[in-house]
Every structure is written in structure tokens, then in C-alpha cells.
Amino acid sequence: MEYNTTRNHLVMREYGRHIQNMIEYLMSLEDTEKRQKNAKAVIELMGFLNPHLKNVEDFRHKLWDHLFLISDFKLEVESPYPIPTKETLKAKPSPLRYPKGYPRYSHIGKNIEVVIQKALAEENPEKRQGFANAIAYYMKLAYSNWHKENVHDDAIQSELSSITGGQLEFTNTPFVKAYRANEGQRDYRGGGGKRPQKFQQRGGGNQGRNEQRDSRGGGGGDNRNGGNRGQKFKKRFK
């Protein structure tokens, strides 16, 4: 009986131990044609065990690369694709270069500065004015989202003038909905009316019933038929 501690290292766990044993058997075959035929059969079996690879582009190419990877690039068979090497598959990618852009006005971000530069470079007056209106709308929207309150158009115009050196001025007044602290909550104190009451007060209802019972008895509370019933009714619902 074999234990995992006595076996060799499993290269790719998704294919399992049996596929690795088959590939090791292929490496022991001396007949070239037999080795090539069995290698194609192993490729079909690998694709059957991992059907999710069929959704990957060039999944056949990936299966052949995995075949050589499991054999530690020692299997000598003909491949319909370029045979990989250990250096190409295990090579480390070059580090990514992150953009080092520091916005001049951090409260509006880097992207709006790019839009402002495009607006200043625009020669068409209509497009230039459209750029200015869009920039002013975005600045007002960003201010309202951050501070939770409206900002006056003069403040936006003064800031836009300071950023662009007085070269951009917006004409239309962007509208941003005012922020309300109780927005989304129903207020019954306003014009919507009072909150509907599901239950009536006990005092009014009992008093009306007692009056009806007293009138049926033909007198006030001294009457046995009317007064006693009214008193019992009050005791029951106190």
C-alpha cells in the first residue's frame, strides 16, 4: 500500500495522481509512434476531466502546455503548438508601472483636470462652452455630495476662474437637489396629515355604550337594569 508521503510531488492537483502516472508512463516508452498516440489520448482525457477549459480561448494549447509542465518538460512528443520551456512558463512578469500623477486640486480629482485641459485646448466656442457647463455641473455635484448642502453658483464660478485663470465661464445654472437630513423618512407633522390611529380610546367608547345602556334601562345610574350593567361594563374594561 502506497502513502502520499512516499509518492513523488503532485505537480497539478486539478488533474490528479492518475494523469501524472500516465504521463510518467509515456516518458518510459521507447517507441515514438506509441508514445505520440498515447500522448494524444492523455490530452483527450485531460480535457474530459476539466470541461471548464473548453470555455477558455485556445484550450487545446493550454492542455498541451500542462502536459509538458507535468512531465517537467522532459516528454519528447510532437505538439501542434510551440513546445514551451521551463523559462517561458515560470518567468516572472515585469513589474507594473503605476501612474505618478498628483492632482493640483485634490478636492475635484485628477480626471476633472484632464477635462479642463481639453476644454482650454478646444477652439470651437460652442464645444468650449459645453465643456465649461459640464465642468461646473460636476464641481457643484461633487461639492453637494461631499458637504451635503447646496453651493452658490458664484462660488463655483470663482473656483473655476481661479483654476482656469478666468478662461472658462459657464452660462447655464446646474441644478443639484438639496440634501435633507430627514429625506426618505415620512413626516406626519407636515402637510401629510396626522398618523392614522388604528385603535380608539377606551374612555369615549365606553362612555357611549354606557349612555346607551342607561337609556335602555329607562333612567340614570340608580336603575338596576341600566346602572348595574354600566358599572359591570366599566369594571371589565378598566
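The values are calculated or read from the model by the stated rules, or taken from the named source; none is laboratory data. Just so we're clear, the structure is a prediction, and the values are computed from it rather than from any experiment. Using ideal geometry, Cβ is built from the backbone for each residue, glycine included, and neighbour counts are taken over all protein chains shown. Ligands, DNA and RNA are excluded from the accessible area calculation, which covers all protein heavy atoms including side chains. Shrake-Rupley method; radii C 1.70, N 1.55, O 1.52, S 1.80 Å.
Points to keep in mind about this one:
- Residues of region 117-127 that are in a helix (DSSP H, G or I) and either within 26 Å of the chain's Cα centre (by Cα) or more than 13 Å from GLU169 (Cβ to Cβ) (or both): GLN117, LYS118, ALA121, GLU126, LYS127.
- For SER79: the one exception among (1) open to solvent by 50 Å² or more (accessible area, probe 1.4 Å); (2) of a type in the set (S, T, N, Q); (3) under 19 Å from GLU24 (Cβ atoms): (1)
- Identity of the residue in region 128-173, in a loop (DSSP other than H, G, I, E, B), free of Cβ contacts under 8 Å to residues at least 12 places away in the same chain and under 21 Å from ARG104 (Cα atoms), that ends up most open to solvent (accessible area, probe 1.4 Å): GLY165
- When we screen ARG35, ARG17 for residues that are surrounded by 11 or more Cβ atoms within 10 Å (Cβ to Cβ), touching an Asp or Glu at 6+ places or on another chain (Cβ under 9 Å) and of a type in the set (D, E, K, R), the only hit is ARG35.
- Test: LEU10 is within 17 Å of SER79 (Cα to Cα) and either outside any loop (DSSP other than H, G, I, E, B) or among the hydrophobic types (A, V, I, L, M, F, W, C) (or both): no
- Enumeration of residues in region 64-92 that are free of Cβ contacts under 8 Å to residues at least 40 places away in the same chain and closer than 17 Å to ARG35 by Cβ: TRP64, PHE68, PHE73, SER79, PRO80, ILE83
- Residue list for region 86-100, filter: modelled with pLDDT of 80 or more and of a type in the set (A, V, I, L, M, F, W, C): LEU96
- Selection within region 40-63 - open to solvent by 80 Å² or more (accessible area, probe 1.4 Å) and touching a residue at least 24 places away in the same chain (Cβ under 8 Å): LEU49
- Filtered residues of region 41-62 (kept if outside any helix (DSSP H, G or I) and at pLDDT 80 or above): ASN50, ASP58
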